[in-house]
1. Using the basic label-point model (7 angstrom from Cα toward the beta carbon), what is the Arg77 to Arg191 distance in nanometres?
2. Which helices of the chain meet both criteria: a Cα extent of 27 Å or more along the helical axis and a mean Kyte-Doolittle score no lower than -1.0, with helices taken as whole DSSP H segments?
3. Simple spin-label model, 7 Å along Cα-to-Cβ: Ala306 to Glu13 in nm?
4. For region 2-94, rounded, prolate or oblate, judged on the Cα gyration tensor with a ≥ b ≥ c (square roots of eigenvalues), a/c < 1.5 rounded, else prolate if a/b > b/c?
5. What is the spin-label model distance, in nm, from Asp90 to Ser356 if the labels are put 7 Å beyond Cα along the C-beta direction?
6. Principal axis lengths of region 70-127 from Cα atoms, whole Å, largest first?
7. Which values, in whole Å and largest first, are the semi-axes of the equivalent ellipsoid of region 160-206 obtained as the square root of 5 times each eigenvalue of the Cα gyration tensor?
8. Quick check: residue separation of Ala144 and Ala347 times 0.36 nm, minus the Cα distance between them. What number comes out in nm?
Amino acid sequence: MTLLTRTRAGFVEAFGLEPAGVAFAPGRVNLIGEHVDYNDGLVLPMPISEGTAVAWGPADGDAVEVVALDFDKARDRFYPRDLTPHSPPDWRSYVRGMGQSLAQRGARLAIAGTIPRGSGLSSSASLCVAVGRAFAQREAATIAQRDVALTAQRVEHGWAGVNCGIMDQMAVAEGQPGAALLLDCRSLETRPVRRPDGWAVMVVQSGVVRGLVDGHYNARRADCEAAARALGLSALRDADTAMLAAARLDPVVLSRASHVVAEIGRVGAAVQAIEAADLVKLGALLRASHASLRDLFEVSVPAVDALAEVLNDAIGDDGGARMTGGGFGGAVVAVLRADAAARVRAAVERNYSPPSGGAVSIMMQGTGGLDAGAME
């Protein structure tokens with residue numbers, strides 16, 4: 001059963017009538033540029049085929065009624081103008097936050113998705129943007145996707161307690177099929193970076209579920225802000241290696257800042273490599289990014305390191321792999337030759353076992369995009 005069919009059917013079962021429409025938002029995988037979005041840096045994410053669908057319909061009163069099909073059909077009911085965040089934060093927090101910002105009238109929503117939770121593929125941003133699109137359709141309103149992304153970021157901050165940057169929300173809202181999105185997180189300027197023919201993107205789950213709040217994400221952001229203040233800067237986007245070398249920073253703060261400065265530079269180099277169809281150069285940048293996240297930013301875990309090593313050994317020089325997402329578990333992303341995908345997949349299945357046991361989850365990304373996941 002497709003995601004679209006499952007979500008429609010769930011709406012009918014929950015509310016006894018057909019939905020008026022179905023909104024969709026993809027997840028995202030970040031090719032390179034990790035933990036630099038909240039430092040005003042450059043990032044290079046791409047939308048994926050997996051995502052979140054929201055079937056919606058009007059309601060007679062002012063209340064919003066929601067059923068979460070992936071959480072044992074759990075329900076929520078709220079009035080958008082009289083809300084407090086759900087505690088502890090969960091899926092209701094995101095829906096309520098988007099509802100308070102965008103809902104004008106009562107609505108019924110049924111929500112389902114295909115993004116594994118805690119996978120580092122931005123399930124929360126996908127949920128927020130999909131819900132935002134559903135409310136926009138309910139109101140017959142035209143809302144710029146950038147505004148949907150900014151609203152989703154505010155919901156992450158105020159309703160879920162995660163002080164994230166804007167990368168996930170912008171990638172989900174403005175990503176284009178078949179391309180990565182070069183995003184300047186300071187100006188919010190974007191441009192697509194097309195993936196060369198003959199290249200493939202593989203996303204492999206480590207099997208370690210991560211949580212951003214419990215995983216010290218906010219602490220890493222605080223370290224970066226401390227570095228910027230010590231340098232007299234508004235953000236580490238404006239720092240360089242010479243400034244870091246001259247400053248008397250706490251060793252941990254220096255490590256965090258060193259990663260950020262180098263990672264922003266790697267994003268620019270990665271764009272050049274992709275546009276030159278230089279898979280060898282891109283692979284080297286991906287490996288360097290992983291090493292920096294592991295050693296300087298300290299957000300990797302042994303299982304993720306082992307998975308990245310298996311992928312890099314199997315891929316060889318024609319591509320590379322690194323952890324993706326906030327860290328402390330989640331997924332590894334690899335860029336490789338399409339004709340090597342079957343061989344690399346077999347090597348991963350042979351040489352890597354998730355800590356919890358069971359089969360390893362491998363997702364090959366085709367074009368991805370704004371509605372692909374709803375139809376697959």
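1. With each label point 7 Å from Cα toward Cβ, the separation is 5.2 nm.
2. Working: long enough: 251-275 (36 Å, 0.81).
Span-like helices here: 251-275.
3. With each label placed 7 Å out from Cα toward Cβ, I get 3.7 nm.
4. Working: a/c = 2.59, a/b = 1.56, b/c = 1.66.
Oblate is the answer for region 2-94, as a/c is 1.5 or above yet b/c matches or exceeds a/b.
5. If labels sit at Asp90 and Ser356, their model points lie 1.7 nm apart.
6. Rounded to whole Å, the extents work out to 33, 19, 18 Å.
7. Working: eigenvalues 103, 57, 12 Å².
Rounded to whole Å, the semi-axes are 23, 17, 8.
8. Numbers: separation 203, 0.36 × 203 = 73.08 nm, distance 4.34 nm.
Fully extending the segment from Ala144 to Ala347 adds 68.7 nm.
Since every read-out is calculated from the coordinates, none of them should be taken as a lab result. These numbers come from a predicted model, not from an experiment. No Cβ is skipped: glycine too gets one built from the backbone with ideal geometry, and neighbour counts run over all protein chains shown.
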